[in-house]
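So the structure is just underneath, and the comments pick up after that.
The values are calculated or read from the model by the stated rules, or taken from the named source; none is laboratory data. In this text, all values refer to a predicted model and were calculated from it rather than measured experimentally. Methodologically, a virtual Cβ is constructed for each residue, glycine included, from the backbone with ideal geometry; neighbour enumeration extends over all protein chains shown.
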Amino acid sequence: MVRILKLCCVIFLLFLSGCSPKFNGQEIEEDCFPAFTQEVSQFFDVLQNGQAYIWAVGDVNDDGADTPFLVENGINGFLLPDEITRPMESISPSAKLNVTGRIFKKWPNWGERNIGGGEKNIKLEVVVEGKAYLIFDFYIPKDLKSKLQGRCTFE
């Protein structure tokens with residue numbers, strides 16, 4: 001009976017650790033490409049209502065598993081070409097994006113991958129009006145993505 005109890009405890013701890021954000025991987029790759037500046041409207045193919053939107057991280061009610069890592073590394077949120085939730089701050093299409101050349105890489109832990117369907121992904125860092133944001137992998141222009149060095153992707 002004690003042996004079964006110990007086995008159950010070990011299985012529970014393994015499951016718990018497999019779903020913990022402590023066991024996923026995140027890193028930042030510097031100098032993946034030369035930095036450049038571009039207007040928001042030129043960067044994104046299509047903008048909802050002609051504007052880009054900021055999905056902030058680090059707010060009082062933000063309990064996302066990645067939030068501490070992002071905040072520690074100076075990220076204020078995500079820059080998106082569409083409004084996915086409300087309220088979101090909008091950015092003018094003529095605002096300047098300073099694309100820094102940094103890539104944030106993430107690979108999921110066991111639970112994220114097998115239960116939540118998470119996949120390896122990259123995010124591009126941009127600075128708008130002095131604040132740093134990330135752009136999700138699927139919004140990164142294909143021509144820029146194809147030029148990324150191997151260390152900056154999962155290839």
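When you scan the range 129-143, do you find a residue that is at pLDDT 90 or above, assigned to a helix (DSSP H, G or I) and under 16 Å from E27 (Cβ atoms), even just one? Before the answer, list the steps.
So in the range 129-143, the residues at pLDDT 90 or above come out as 129-143.
If we keep only those that are assigned to a helix (DSSP H, G or I) too, we end up with 137-139, 142-143.
Checking the rest, the ones that are also under 16 Å from E27 (Cβ atoms) come to 137.
Yes.
Out of E112, E129, which single residue is of a type in the set (D, E), surrounded by 15 or more Cβ atoms within 10 Å (Cβ to Cβ) and either closer than 28 Å to T37 by Cβ or under 15 Å from the mean Cα position of the chain (by Cα) (or both)?
Details: E129 fails: surrounded by 15 or more Cβ atoms within 10 Å (Cβ to Cβ).
Criteria check complete, one pass: E112.
Can you find a residue in the range 117-139 that is aromatic (F, W, Y) and farther than 28 Å from S41 by Cα?
Step one: filter the range 117-139 for residues aromatic (F, W, Y), giving 133, 136, 138-139.
Going one step further and asking which of them are farther than 28 Å from S41 by Cα, we end up with none.
Scanning the range 117-139, I find no residue that is aromatic (F, W, Y) and farther than 28 Å from S41 by Cα, so the answer is no.
Name the pairs: first residue in the range 93-110 and over 19 Å from G130 (Cβ atoms) and in contact (Cβ under 8 Å) with a residue 40 or more places away in the chain, second residue of a type in the set (K, R) and outside any strand (DSSP E or B), Cβ to Cβ under 6 Å, at least 6 apart or on different chains?
W107/K120
Every residue in the range 119-144 that is without any contact (Cβ under 8 Å) to a residue 24 or more places away in the chain and over 21 Å from Q48 (Cβ atoms), please.
Matches in the range 119-144: E119, N121, G130, D143.
Kindly provide the set of residues from the range 132-155 that are of a type in the set (G, A, S) and surrounded by 18 or more Cβ atoms within 10 Å (Cβ to Cβ), ordered by number. Working first, answer last.
Going residue by residue through the range 132-155, those that are of a type in the set (G, A, S) are 132, 146, 150.
Of everything in the range 132-155, just one residue is of a type in the set (G, A, S) and surrounded by 18 or more Cβ atoms within 10 Å (Cβ to Cβ), namely A132.
Could you list, in sequence order, the residues of the range 79-123 that are under 15 Å from F138 (Cβ atoms), among the hydrophobic types (A, V, I, L, M, F, W, C) and modelled with pLDDT under 90?
I84, the sole residue that qualifies.
Quick check on F154: is it of a type in the set (A, V, I, L, M, F, W, C) and within 12 Å of the chain's Cα centre (by Cα)? Don't jump to the end; show me each part of the working.
Details: of a type in the set (A, V, I, L, M, F, W, C): yes; within 12 Å of the chain's Cα centre (by Cα): no.
Answer is no for this residue.
Kindly evaluate I54 against the criterion of being in contact (Cβ under 8 Å) with a residue 60 or more places away in the chain, out of contact with any His (no Cβ under 9 Å at 6 or more places or on another chain) and β-branched (V, I, T). Write out each step before concluding.
Working: in contact (Cβ under 8 Å) with a residue 60 or more places away in the chain: yes; out of contact with any His (no Cβ under 9 Å at 6 or more places or on another chain): yes; β-branched (V, I, T): yes.
Taking the combined requirement at face value, the residue satisfies it.
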